[in-house]
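What follows draws every value from the coordinates through simple rules; no lab data is involved. Remember, it's a predicted structure, so these values are computed and weren't measured experimentally. Glycine gets a Cβ as well: all are built from the backbone with ideal geometry, and neighbour counts include every protein chain shown.
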Amino acid sequence: MNAGEVMSRNPIAVPAEAGLAEALRLMFDHRISGLPVVDGKAGLVGILTEGDLLRRSELGTAGQRSRWLDLLMTGRLASEYVRSNTRRVSEIMTRDVVSVTEDTPLAEVVRLVERHRIKRVPVLRDGALIGIVSRADLLHALQRLLVAEPKTAASDETIRRHVLDELARAPWAPHGLTVDVANGVVTLDGVILDEQKRSALRVAAENVPGVKAVVDHIVWVEPVTGWVVEGPSGKES
């Protein structure tokens, strides 16, 4: 999937020349925590988020520094004064905006969200704002995919083949695992040297369409002590 498939179209935006009170009204009315800032041609020029509004003189939260640092950093202090006191969106917005295009893969969108610790990514077409991908948009896309999963029954052989295919793609999957399927119930049998793989194997099997249940007969052998733990249907030894 790409950004264009999950983005919210016609996002709520605020003009760069708008006042801070107008921007806050838009955020409250639409229950959003950030606003793209645009110029007269819908070109993205910045973004205004809750984080930009934390240090405000009205709230008594403007930054405080020692006097000797004040003398050394007068230029920076002047800039901070503007941000904590201005009523203009253009003077408080974040100008270095992380953005994507419609064709950007979702994997790249998520990487940007995590790397820059942001909650939304504007989507541009020829420099103009056409959408926005927020964390909520990603969750809505996930919900649609889960609901749209096929509900039709699959043969035991088809299920078995799909489970084996899924495990073949997983670099962590152990070799020599036995997979049997009867009436939609998958039975896993084999040996693992890392207990964390047990849950991963169960998830890989139960997510295959048509699977009704997963029976775990996998044995974990602790590689240092040789201690053996059987699956949930077995016993410890």
| note | Rounded to the nearest whole number, the Stokes-Einstein translational diffusion coefficient of segment 156-229 at 37 °C and 0.692 mPa s (Kirkwood radius, C-alpha pairs) in µm²/s is 264
| said: From Cα pairs below 8 angstrom and at least 6 apart in sequence, can you work out the relative contact order of segment 109-237, rounded to a whole percent? | reply: 17
| note | In the chain, lysine pairs 8 or more places apart or on different chains with C-alpha atoms under 25 Å apart total 5
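Which value results for Rg/Rh of segment 3-145 when Rg is the Cα radius of gyration and Rh the Kirkwood radius based on the inverse mean 1/r?
1.03
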| field | More than 17 angstrom apart: percent of Cα pairs within segment 111-237 | value | 68
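Quick one: which of 43-49, 177-183 comes out on top by average Cβ neighbours within 10 Å, and what's the full order, highest first? Let's see the in-between values first.
On the way: 43-49: 20.0, 177-183: 14.1.
The packing order, highest mean first, is 43-49, 177-183.
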| remark: Computed from every Cα-Cα pair in segment 1-58, P(r) in 10 Å bins starting at 0 and rounded to whole percents is 21, 50, 24, 5, 0
| said: Can you give me the angle between helix 106-116 and the longest principal axis of the chain, using Cα atoms only, in degrees from 0 to 90, rounded to the nearest 10? | reply: 60
| field | Principal-axis tilt of helix 156-169 within the chain, Cα atoms, nearest 10 degrees | value | 50
| How far is helix 196-206 tilted off the main Cα axis of the chain, in degrees rounded to 10, range 0 to 90? | 80
| message | Within 10 Å, at most 14 other Cβ atoms, and a DSSP state outside H, G, I, E, B define an exposed site. Report the longest part of the chain free of exposed GluC sites (Glu not before Pro). | response | 103-194
| Calculated log₁₀ intensity ratio I(q)/I(0) where the Debye formula runs over C-alpha points of segment 143-184, q = 0.25, 0.29, 0.31 Å⁻¹ | -0.92, -0.98, -1.02
| message | Among Ala21, Ala170, Leu139, which residue has its Cα furthest toward the positive end of the charge dipole of the chain, with +1 on Lys/Arg Cβ and -1 on Asp/Glu Cβ? | response | Ala21
| request: Could you list the chymotrypsin sites (Phe, Trp or Tyr not before Pro) in segment 145-237 that lie in coil according to DSSP, counting only those with at most 16 other Cβ atoms within 10 Å of their Cβ? | output: Trp172, Trp227
| remark: For the chain the mean separation of alpha carbon contacts under 8 Å (6+ apart) over residue count, i.e. relative contact order in percent, is 16
| What value, in deg cm²/dmol to 500, does the helix sum -39500 (n - 2.57) over DSSP H runs of n ≥ 4 give at 222 nm once divided by the residues of the chain? | -10000 deg cm²/dmol
